[in-house]
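What follows is a set of notes on a single structure, which appears directly below.
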Amino acid sequence: MSEYMTEEDVLTVVTRLSRPRLARFLEDDLVRPDRTSRGPVFRQIDVARLTLLCELSDDLEIDETVLGVIVALLDELHGVRQDLRTIARAIEAQPPDLRARIGALLREPGA
């Protein structure tokens, strides 16, 4: 599969997605495809997000206006996870004695 998908490709792959719904998701900035001279192109992460948005709307009957809040929280959570991985890599690169002291501090109550 290509790295990028056209709008037509996305509408074929995400079967619950209609053209008007996709337009609303784009207008509401719930999905941010790359823009080209030929129009938007979507990455796999965009397709996954569109699938999730359709599932939340259809299966859980979540109003599309609430989807923006959910997407913002998911984006924030994703950012925090990236930050934690960065911190974990930085700690792992430290000498064993420092890693042990950091580990002990993290196990303290209220840490």
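Yes/no matrix, rows are residues, columns are (1) touching a Ser or Thr at 6+ places or on another chain (Cβ under 8 Å); (2) of a type in the set (A, V, I, L, M):
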| site | (1), (2) |
| --- | --- |
| 6 | no, no |
| 19 | no, no |
| 26 | no, yes |
| 39 | yes, no |
| 46 | no, no |
| 50 | no, yes |
| 95 | no, no |
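Quick grid of which residues meet (1) hydrophobic (A, V, I, L, M, F, W, C); (2) assigned to a helix (DSSP H, G or I):
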| site | (1), (2) |
| --- | --- |
| 9 | no, yes |
| 35 | no, no |
| 46 | no, yes |
| 61 | no, no |
| 73 | yes, yes |
| 102 | yes, yes |
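Here is the figure for the range 37-70: residues that are under 26 Å from residue 3 (Cα atoms) and touching a Lys or Arg at 6+ places or on another chain (Cβ under 7 Å) total 1.
Here residue 29 clears all of (1) touching a strand residue (DSSP E or B) at 6+ places or on another chain (Cβ under 9 Å); (2) on the phi > 0 side of the Ramachandran plot except the condition numbered (1).
When residue 106 is tested against (1) part of a loop (DSSP other than H, G, I, E, B); (2) over 30 Å from residue 8 (Cβ atoms); (3) of a type outside the set (Val, Ile, Thr), just one condition goes unmet, and that condition is (1). The set of residues in the range 33-70 being surrounded by fewer than 14 Cβ atoms within 10 Å (Cβ to Cβ), closer than 18 Å to residue 16 by Cα and among the hydrophobic types (A, V, I, L, M, F, W, C) consists of 45, 48, 60. If only residues of the range 91-111 that are surrounded by fewer than 10 Cβ atoms within 10 Å (Cβ to Cβ) and not charged (D, E, K, R) are counted, the one that is nearest to residue 32 (Cα to Cα) is 93. Taking the criterion of being surrounded by 14 or more Cβ atoms within 10 Å (Cβ to Cβ), in a loop (DSSP other than H, G, I, E, B) and out of contact with any Asp or Glu (no Cβ under 6 Å at 6 or more places or on another chain), the residues of the range 18-31 that qualify are 28, 30.
The set of residues from the range 75-100 being assigned to a helix (DSSP H, G or I) and among the polar types (S, T, N, Q) comprises 82, 86.
Only the coordinates and a few stated rules stand behind these numbers; no lab work does. All values reported here derive from a predicted model rather than from experimental measurement. Neighbour counts run over all protein chains shown; Cβ positions are idealised from the backbone, glycine included.
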